[in-house]
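Participant: If you scroll down you'll find the structure; I have some questions about it.
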Amino acid sequence: MQKKVGGLRSTEVRPHNRRLILQLLRSNGSMHRSDLRDASGLSAAAVTNVVNDLLDDGLVVERADDGAGARRVGRPAATVSLAGEARHVVAVQIGAGTYQVGVCDLNGSLVASESATFPVREEADVVLADAADAVRRVIRRSGIDTDQLLGVGVGAAGVVDPTRRINLVSANAGWEDVPIADIFERELGIGTIIEHNVRAMAAAEVRYGLGAGYESLAFLYARTGLGLAFVFDGRPYRGGSMGSHEVGHIAVPGAEGRCSCGKTGCLETVVSDRAVLEELGDGLGTSAPGASWAEIWAAAILDGDAHAIEVRDRVVAALAPTIGTIVEMLNPQLIVLGGLLADAGPHIVDPLGDAVRGRVTPWMRESVDIRATEFGPDSGLVGAGTIALDHFLFGAPIIQPRSRETVTTR
């Protein structure tokens, strides 16, 4: 019979301590061994054993202190930090009509990436084979040895099976029961995990972005469709058996557009690339060659274009009640916007924040914090890389997020 230590079997203690130290280094950057001991609650001997193992594996580096901060008594102190380039993961983001692939290091930073478009109703096997070829190109271009790759993370639109192996439904792409993880493992020979794309984006925001250290966060992403995800206590929230939050299919009063789900008047018939482009028509012109339509739209709003502002106001009016309900029910510390909502930047974020505050209970208004993701168009890729890093290296969260008051946004 295995002896238990702190509720863990003896064989689980060392892996647990290893993940704990790795998570502390990811959250805090460089740390002294004594600080790791204090933060982890482990003994000095346990910290030494883990750090030495990680040094042997090349996952961390130890450097002499530069002398900044308080002077320490005794031998010169050294700081331990993640060796960001020691290992990598492959990241794949699949949307309706577009995919992105890339390689991320241990710090969640993109080393190389590329993207492509495809016909929205293209067969899944064709799209995934093309994406696998793109992965091979990106790996070659990055110069990374495949032995350094920990695994592949895929962020997929639609409903993802809780086992993280199958894309059950992607209404906009027309896919059903696609074994995405199995296909990539067969194509690339690398372990693969799949997650809902917006849930992956939310995880990235908490690990590496605006929400670093926050206890609760909501991520709202608009592109071909509209997706929502939550993080509570550092863990992405899956919800019920379907594991999705279909905010895009909430009914909007007065909306009459036909949705890809088969209903009429869904929120994403107002808030999506297609819906906004149809509303804008040809009024944007081509005054900014090379710019995305969303950047041109934002510029038109800034210039005071009446039609562009009218479309913006319609998007804000459609979104504000839903976000207000989210605030009233769950009160997330931070709401992050991605996709076209982030593309338009403060031209959407600021009026949306004002509209939401006007809809919630007065004493909750100060808690409304809405921002655009700093990852921009790479939010899906960083998200896919994050779920791969969590699954193949860091593990499920062990350390508790710091309170909002003590967080400094990076």
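Participant: Would you mind finding the one in Gly211, Gly254, Gly239, Gly243 that is in a loop (DSSP other than H, G, I, E, B), buried (at least 24 other Cβ atoms within 10 Å of the Cβ) and either modelled with pLDDT under 90 or in contact with a Leu (Cβ under 8 Å, 6 or more places away or on another chain) (or both)?
Facilitator: Working: Gly254 fails: buried (at least 24 other Cβ atoms within 10 Å of the Cβ); Gly239 fails: buried (at least 24 other Cβ atoms within 10 Å of the Cβ); Gly243 fails: buried (at least 24 other Cβ atoms within 10 Å of the Cβ).
Exactly one residue qualifies, and that residue is Gly211.
Participant: Can you say whether Val276 is part of a loop (DSSP other than H, G, I, E, B) and at pLDDT 85 or above, as far as the supplied structure shows?
Facilitator: Numbers: part of a loop (DSSP other than H, G, I, E, B): no; at pLDDT 85 or above: yes.
The answer is no for Val276.
Participant: Return the only residue of Leu220, Leu168 being over 27 Å from Gly29 (Cα atoms), of a type outside the set (Lys, Arg), part of a strand (DSSP E or B) and open to solvent by 30 Å² or more (accessible area, probe 1.4 Å).
Facilitator: Leu168 is the lone residue from the list that is over 27 Å from Gly29 (Cα atoms), of a type outside the set (Lys, Arg), part of a strand (DSSP E or B) and open to solvent by 30 Å² or more (accessible area, probe 1.4 Å).
Participant: What single numbered condition from (1) among the aliphatic types (A, V, I, L, M); (2) within 30 Å of Glu295 (Cα to Cα); (3) in contact (Cβ under 8 Å) with a residue 40 or more places away in the chain fails to hold for Ala229?
Facilitator: Here Ala229 meets the rest and fails (3).
Participant: Within the set of pairs 6 or more residues apart or between chains, which connect a residue that is over 17 Å from Cys266 (Cα atoms) inside the range 306-320 to a residue that is among the small types (Gly, Ala, Ser) and open to solvent by less than 70 Å² (accessible area, probe 1.4 Å) with Cβ atoms less than 7 Å apart?
Facilitator: Close Cβ pairs (under 7 Å, with a partner that is among the small types (Gly, Ala, Ser) and open to solvent by less than 70 Å² (accessible area, probe 1.4 Å)) amount to His307/Gly283; Ala308/Ala300.
Participant: Any residue in the range 309-318 that is more than 28 Å from the chain's Cα centre (by Cα), modelled with pLDDT of 85 or more, under 28 Å from Arg365 (Cα atoms) and not in a strand (DSSP E or B)? Can you show your working first?
Facilitator: Our first condition is that a residue be more than 28 Å from the chain's Cα centre (by Cα); within the range 309-318, this holds for 309-310.
Subset that is modelled with pLDDT of 85 or more: 309-310.
Next, only the ones that are under 28 Å from Arg365 (Cα atoms) stay: 309-310.
Narrowing further to those that are not in a strand (DSSP E or B): 309-310.
Yes, that holds for at least one residue.
The values are calculated or read from the model by the stated rules, or taken from the named source; none is laboratory data. Note that the structure is a prediction, hence the values are computed from the model and not measured. All Cβ positions, glycine included, derive from the backbone under ideal geometry; neighbour counts span all protein chains shown. We work out accessible area using only protein heavy atoms, side chains counted, and drop any ligands, DNA or RNA first. Shrake-Rupley method; radii C 1.70, N 1.55, O 1.52, S 1.80 Å.
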